[in-house]
Structure formats: C-alpha cells, structure tokens
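Engineer: I have a structure I would like to understand better, so I am pasting it below and will then ask my questions one at a time.
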Amino acid sequence: MKRSVWIGLSALALAVAIPAAASTFVALTPGELVAQSDAIVQGRVLKVSSFWSPSGRLIVSEAMIQVEETIAGRAPSVVVLRTAGGTVGGYTVEAHGFPKFAVNDRLVLFVQGASDLAKVTGYQQGQYRIVRDKGGVEMAIPTLGQGVRLLRPDGRAVELPKALPLADFKAGIRAEALRNRPFEN
C-alpha cells in the first residue's frame, strides 16, 4: 500500500477516534511535506469562492493564488486550491485543520496537483501565513490552529510547528527539496 494512502487511512482512523471538538492528523516531517508536494510557492490570495459540493452535502472553498515565487518544484503563475469548509447562504462549515483563505493573505503553500485544481499538502500543515514582526522581519507563521492535534503514525503527539523567519524557512525548503529531488531543481 502506498505510504500516502496509509497515512490518509491512519489520519481518518485517528480522526474518528478523537472527540468532535478536535481534528487529528498524522504529522508530516518537513521532508515528507516537500516530497509529497508538486510545488512549494509563495503567493497572494486573489479570490475566494465557497459553494456546495455537487452532492449538496458539503461546503467547499476555492482560493485563487497569484504565485509570487516558486520555492521548489513547478507551478503556474496562478494556482487554484480547493479545500473543505466555507460559508454559503448563511450556512457555515468550519473544517478544523483544513486550509482557510482570505483575500490578500500572503502565504507559503505546499501544493499537490499544481495544475488546474490543486490542494494543500498535509491540510494546514502545508500552509504558512507571511507576516512582518515588530522588527520588520517577514515571518512564516504556521496556520495550524486550536482544535488541531498532530500525531506520529505510532500515536505519539507531535508539537505544532513554530514560526520562522521567512528567508530561513525558504532556505530550509530548498535544502529539503535538493535532498528529496536533486535533479528537479
């Protein structure tokens, strides 16, 4: 069984076992995030649209991202990402641990399927918000929020990632990409 399928099934089994107030995901290492991504990009959210899925049972959102920089891999100049959750006609679905987007957000995103329609690798594990600290330094802030737990495949808890200076974060991604895909970069 492919590792990504096993990880997905493990995450589903863990999510079912945890109370509804929390979302639990199998933690991905930085190397796994890079290896499972077609591209890692820095960009700005241009547009967010929410709508009912074709089955009418789930609200999903699509975010249009203007790519400012491709940090690793290959990506078009605009990436459209789809995720669970959003608001339609007064109904809101809050999907804890799934990426959330707002117009003009600046983000670093680990992207799977960087063509017509893509998703964020590892749910919110692959989404970092870019903000300036008090000293004017751009920081990459993990978006994993309250109500999210990360576990190793053996069930041990993992600390949530910490904020890093954006330049250091991107340098780490590039180094990891060279280790994982030395001939693609």
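Engineer: If each residue of separation counts as 0.36 nm, what is the full-extension length gain between Ser53 and Gln146 once their alpha-carbon separation is subtracted?
Structural biologist: On the way: separation 93, 0.36 × 93 = 33.48 nm, distance 2.60 nm.
Separation in residues times 0.36 nm, less the Cα-Cα distance, equals 30.9 nm.
Engineer: Quick one: Debye curve from the alpha-carbon atoms of the range 74-118 only, equal weights, vacuum; give me log10 I(q)/I(0) at q = 0.16, 0.18, 0.25 Å⁻¹ to two decimals.
Structural biologist: The Cα Debye sum returns log10 ratios of -0.53, -0.66, -1.06.
Engineer: Skip the ligands, DNA and RNA, and give the accessible area per residue of the range 75-128 with a 1.4 Å probe, whole Å². List each step's numbers first, then the result.
Structural biologist: Numbers: 2320 Å² over 54 residues.
Value for the range 75-128: 43 Å² per residue.
Engineer: What does a probe at Arg74 reach in the range 21-46, counting residues whose amide N is under 19 Å from the point 7 Å along Cα→Cβ?
Structural biologist: 34-42, by backbone N distance to the label point.
Engineer: Given the protein chains as shown and a 1.4 Å probe, how many square angstrom of Tyr123 are accessible, to the nearest 10?
Structural biologist: Around 90 Å² of this residue is reachable by solvent.
Engineer: What net charge do the residues around Glu62 carry, taking every other residue with its C-beta under 10 Å from that of Glu62, with Lys and Arg at +1 and Asp and Glu at -1? Please report the intermediate quantities before stating the final value.
Structural biologist: Details: positive: Lys47, Arg82; negative: none.
Result for the neighbourhood of Glu62: +2.
Engineer: While we're on this one: How large is the charge dipole for the range 28-185, taken about the Cα centre, if only the Cβ atoms of Lys, Arg (+1) and Asp, Glu (-1) carry charge, to the nearest 20 debye?
Structural biologist: On the way: 19 positive and 15 negative charges, 36 e Å.
I would put it at about 180 debye.
Engineer: OK, next. Order the following by accessible area, largest value first: Val41, Val131, Val103, Val80. Probe radius 1.4 Å; ligands, DNA and RNA are ignored. Don't jump to the answer; show the numbers that get you there.
Structural biologist: Working: Val41 0, Val131 60, Val103 80, Val80 35 Å².
Heavy-atom accessible area, descending, gives Val103, Val131, Val80, Val41.
Engineer: Starting from 0.36 nm per residue, how many nanometres of slack lie between Glu138 and Tyr91 once their C-alpha separation is accounted for? Walk me through the intermediate numbers first.
Structural biologist: Values: separation 47, 0.36 × 47 = 16.92 nm, distance 3.52 nm.
That pair, Glu138 and Tyr91, stretches by 13.4 nm at full extension.
Engineer: Something else about it: Given the range 43-185, what count of lysine pairs have C-alpha atoms under 19 Å apart, with each pair 8 or more places apart or on different chains? Present the calculation step by step, with values, prior to reporting the outcome.
Structural biologist: Values: Lys47/Lys100; Lys47/Lys119; Lys100/Lys119; Lys100/Lys162; Lys134/Lys162; Lys162/Lys170.
Value for the range 43-185: 6.
Engineer: If each of Asp154 and Gln112 carries a label point 7 Å out from its Cα toward its Cβ, how far apart are those two points in nm?
Structural biologist: 2.5
Engineer: Also: What figure in square angstrom, to the nearest 10, would you give for the accessible area of Arg129 with a 1.4 Å probe?
Structural biologist: Accessible area, nearest 10 Å²: 70 Å².
The values are calculated or read from the model by the stated rules, or taken from the named source; none is laboratory data. What you see is a predicted model, and the numbers here were worked out from it, not measured in a lab. Heads up, the Cβs are rebuilt from the backbone with ideal geometry, glycines too, and the neighbour counts pull from every protein chain shown. Note: areas computed on protein heavy atoms with side chains; ligands, DNA, RNA excluded. Shrake-Rupley method; radii C 1.70, N 1.55, O 1.52, S 1.80 Å.
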